1. Going through 273, 283 one at a time, which residue ends up being charged (D, E, K, R), more than 20 Å from residue 24 (Cβ to Cβ) and at pLDDT below 95?
2. So which residues in region 3-33 are among the hydroxyl-bearing types (Ser, Thr, Tyr) and in a helix (DSSP H, G or I), if there are any at all?
3. With the checklist (1) surrounded by 17 or more Cβ atoms within 10 Å (Cβ to Cβ); (2) under 14 Å from the mean Cα position of the chain (by Cα); (3) closer than 14 Å to residue 222 by Cβ in hand, flag the one item residue 35 doesn't pass.
4. Return yes or no: is residue 297 modelled with pLDDT under 95, within 30 Å of residue 238 (Cβ to Cβ) and open to solvent by 30 Å² or more (accessible area, probe 1.4 Å)?
5. Could you please find all residues in region 39-68 being at pLDDT below 95 and touching a strand residue (DSSP E or B) at 6+ places or on another chain (Cβ under 8 Å)?
6. Kindly provide the set of residues from region 300-315 that are crowded, with 18+ Cβ neighbours inside 10 Å and part of a loop (DSSP other than H, G, I, E, B), ordered by number.
7. Going through region 52-69 one residue at a time, which ones are closer than 21 Å to residue 20 by Cα and either surrounded by 24 or more Cβ atoms within 10 Å (Cβ to Cβ) or among the polar types (S, T, N, Q) (or both)?
8. Go through region 126-156 residue by residue and tally those that are in a loop (DSSP other than H, G, I, E, B), open to solvent by less than 20 Å² (accessible area, probe 1.4 Å) and within 21 Å of residue 101 (Cβ to Cβ).
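The values are calculated or read from the model by the stated rules, or taken from the named source; none is laboratory data. Please read these numbers as outputs of a predicted model, since none were measured by experiment. Counting neighbours? That spans all protein chains shown, and the Cβs are built from the backbone with ideal geometry, glycine included. For accessibility, only protein heavy atoms count, side chains too; no ligands or nucleic acids. Shrake-Rupley method; radii C 1.70, N 1.55, O 1.52, S 1.80 Å.
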Amino acid sequence: MGTFGLIVIGDEILSGKRADKHLPKIIELLGARGLSLGWAEYVGDSPVRITAALQRAFASGDVVFSTGGIGATPDDHTRQCAARALGVDLVLHPEAAALILERMQDIAREQGKPYEPERPDNAHRLNMGVFPAGAQIIPNPYNKIPGFSCYPPPPDMSAAVPPQGVKAPLGGSEPHVVGERGGDMSAAGPPQGAKAPAGGSEPHAVGERGGIHFVPGFPVMAWPMVEWVLDTLYPHRFATGAWLERSVIVFGTMEATLTPLMEAIEREHPGIRVFSLPSVDHREYGRHIELGVKGAPVGVAPAWAALLQGLKAFDVKLGPELVRNQ
């Protein structure tokens, strides 16, 4: 199985107009389930760069969360780029359309106004339900406007019957069809509206291939949607209690001096990763190195003992010991 990845999309992040809050939160949400983030990528609002990033992510086999750019304004390109990355058409997802119409009714009711789905601005809102063909929706508990999940095509499904889609509404400000060649609809993954098995005891079959789960840039919407994806599609990968990290603060040496010891620990303890985090201006410890081992608890114990024993050969002072687990 692939690892977990994150793509954060938006010029506002790269320009500094807004600070990214997704990276630390995704790390937290994964960590609470015994999982970890393998990589993260930041991309501005460039369709070419977004498409390239999504193509790499689909090819990786990883489970990837993508935040931002799924709205229906001219600077939102993520949905179109996802379709390009998969080589499929954009279509109006029926279940997404129903949820968006339901949201319009809610707004009209709240404002005491008549519900007018044919009004131009309401018709345009349906573009937020235009996804790559074959996408699954991700429910949004905040305002019902869903996100979506897409999966790369498995090698043995190239001849699969393409799923059917409703064409996007006319009059929108963005393109509804990507390319002129149509595209192999099977490439987008499961049939539209497919759900995980009841109870969430096992993931949806396509989830095993990796894929990208697209959520809004707003944390209040994105984070519950990410939790839904994890708890619905990937509970079989939760590994609480299966990972342990032990480290010690080391004073009076440099990483280069400790490197042979680190290499020996990894060589003699397969499956264990050794890490060193140097700091020159820590507010509590000043100049130091946090040196440690991490991995399965059964393997960490002997590796940790070997690390402490190996440090005795150096003229160093040891500070506090730190422990983290999931």
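1. Matching residue, one of 273, 283: 273.
2. none
3. Every condition holds for residue 35 apart from (3).
4. In short, yes.
5. 60
6. none
7. Residues satisfying the conditions are 54, 57, 63, 64, 65, 66, 67, 68, 69.
8. Number satisfying all stated conditions: 4.
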